[in-house]
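Here the structure comes first, spelled out in structure tokens, and everything after it is commentary.
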Amino acid sequence: MPELGSRHLFTITMKLPPTLDLGDTPAGNRRVFTVSGGEFTGDRLRGEVLPQAGSDLLLLRADRSNQQDVRLLLRTEDSALILMTYRGVRHASAEVDARVARGEQVPSSEYYLRTAPFFETSSEKYAWLNKIVSVGVGERQPDGVRYEVFEIL
């Protein structure tokens, strides 16, 4: 079996306003992060994260890991619209979680934040995105989040 290869797709940063805390629901402890904007930059595409459709319905699970459920609308520099959806997982020690919650800049080497983005677009130029699998490696920032996203080859 060949080794799994990848190619850098883009770096994406998102601004996150204060969290909306739904509290303990039947599914777990639910928090909603809305996305107020951002940008993405790569060799094959670049543009902005639109604030109209961006949110993360974050679920704190019983095992203390966080499960992401994210929807974003991207607009490329040439005005194509791309829906980016992803599920992901973040986990860390209780001490690191507390530092992140306080808004501290915590090195990504101190926690695990991975996502599996998928894309949907009607743009002919970017139709290749509809047919790829990608993985994001994330880093929380005091006012948002940043991911390096890789196309899996």
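The values are calculated or read from the model by the stated rules, or taken from the named source; none is laboratory data. In this text the structure is predicted, and so the values were computed from the model without any measurement. Ligands, DNA and RNA are excluded from the accessible area calculation, which covers all protein heavy atoms including side chains. Shrake-Rupley method; radii C 1.70, N 1.55, O 1.52, S 1.80 Å.
Between amide H atoms placed 1.01 Å from N, distances below 5 Å from G38 occur with K15, V49, all of them 5 or more places distant or on a separate chain. The apolar share of the surface of the range 1-109, taken as the fraction of accessible area on carbon and sulfur atoms (1.4 Å probe, ligands and nucleic acids excluded), comes to 53 percent.
Across E95, E110, E120, mean-square fluctuation computed from a Gaussian network of the chain (C-alpha pairs under 10 Å connected) peaks at E95. Per residue, the chain exposes 55 Å² of solvent-accessible protein surface, assessed with a 1.4 angstrom probe and all protein chains in place.
Dividing the alpha-carbon Rg of the chain by 2.2 N^0.38 Å yields what? The reported ratio for this selection is 1.05.
The alpha carbon convex hull volume per residue for the range 65-153 rounds to 102 Å³.
Taking only the C-alpha atoms of the range 14-70, Rg followed by Dmax gives 13.8, 43 Å. Working note: Karplus 6.51/-1.76/1.60 with θ = phi - 60° gives the range 7-19 the couplings 9, 4, 9, 5, 9, 10, 10, 10, 8, 10, x, x, 5 Hz, where Gly and Pro are set to x. For L9, the residues 5 or more places off, or on other chains, whose built amide H falls under 5 Å of its own are V149, F150, E151. In the chain, helical runs assigned H by DSSP with n ≥ 4 each contribute -39500 (n - 2.57); averaged across all residues and rounded to the nearest 500, the mean residue ellipticity at 222 nm is -1500 deg cm²/dmol. Based on C-alpha pairs under 8 angstrom that are at least 6 apart in sequence, the chain has a relative contact order of 23 percent. Amide H contacts of A53: L73, each under 5 Å away and 5 or more positions distant or on a separate chain (H built 1.01 Å from N in the peptide plane; Pro and chain starts excluded). T85 sits with roughly 40 Å² accessible to a 1.4 Å probe, with DNA, RNA and ligands left out of the calculation.
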